[in-house]
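Chemist: Here it is: the structure, laid out below.
What follows draws every value from the coordinates through simple rules; no lab data is involved. Everything numeric here is computed off the predicted structure, so don't read it as measured data. Backbone-built Cβ (ideal geometry, glycine too); neighbour counts: all protein chains shown.
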């Protein structure tokens, strides 16, 4: 996790992302009518039928440049052990979900329940999240159990896939090892969602808005949403950037 101001490229993208989000609010001033769901504004949503908007990535070349950002590529290369392929790039909004304040950990079924993402058996992924606004207890930062502890817990409960109830993970020794990803606007954190138990935001009071990128090994990138919809980025620009042909799997 990196504090605001660490990456120059992040400072460049924030005003562009805020402009896209403001346009979204003009078109949908009530959000998703109180529903708590993911809306990916740049590419199609990973949850079928959820996305309200689709913004052509070619209209915002700053996002394509962000994917090429050298410090991010270096972090992804170091973790994946190979040059990454961009599997997804989104501006993601999670609507507020006002739940019982006396029982904050009783969310609706879905990404708000602890789980390990499926599909990672053939390779690795590294997701990068950039906070557009402050992420705190009022809009629910992602909660993560580190990779080593996730592996031990999965072995203890015989985990294969799907969601697990809170009482499994909010107990010792796991409870003390949970990481709450809260950050001021502009903060950045990286996560391998294929190797760690995590839960999506539980946003009780206000939406959570984040830029997300997913760098993946070649074994899983071909099944990603972005690679299936290649018109979401500019082929010519991709090939003129250093490593662009590899990053966009051209």
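Chemist: How much length, in nm to one decimal, is gained on full extension between residue 56 and residue 160, taken as 0.36 nm per residue of separation minus their Cα-Cα distance?
Modeler: Contour length minus Cα-Cα distance gives 33.8 nm.
Chemist: Return the distance in nm (one decimal) between the two label points of a simple spin-label model at residue 148 and residue 190, each offset 7 Å from Cα along Cα→Cβ.
Modeler: 1.8 nm
Chemist: Report the label-to-label distance for residue 180 and residue 237 in nanometres (one decimal), using points 7 Å from each Cα along the Cα→Cβ vector.
Modeler: My value for the distance between the label points is 3.8 nm.
Chemist: Which of rounded, prolate or oblate describes the range 118-220 when judged by the alpha-carbon gyration tensor and an a/c cut-off of 1.5?
Modeler: oblate
Chemist: Determine the gain in length on full extension of the stretch residue 137-residue 218; use 0.36 nm per residue of separation and subtract their C-alpha separation, reporting nm with one decimal.
Modeler: 25.5 nm
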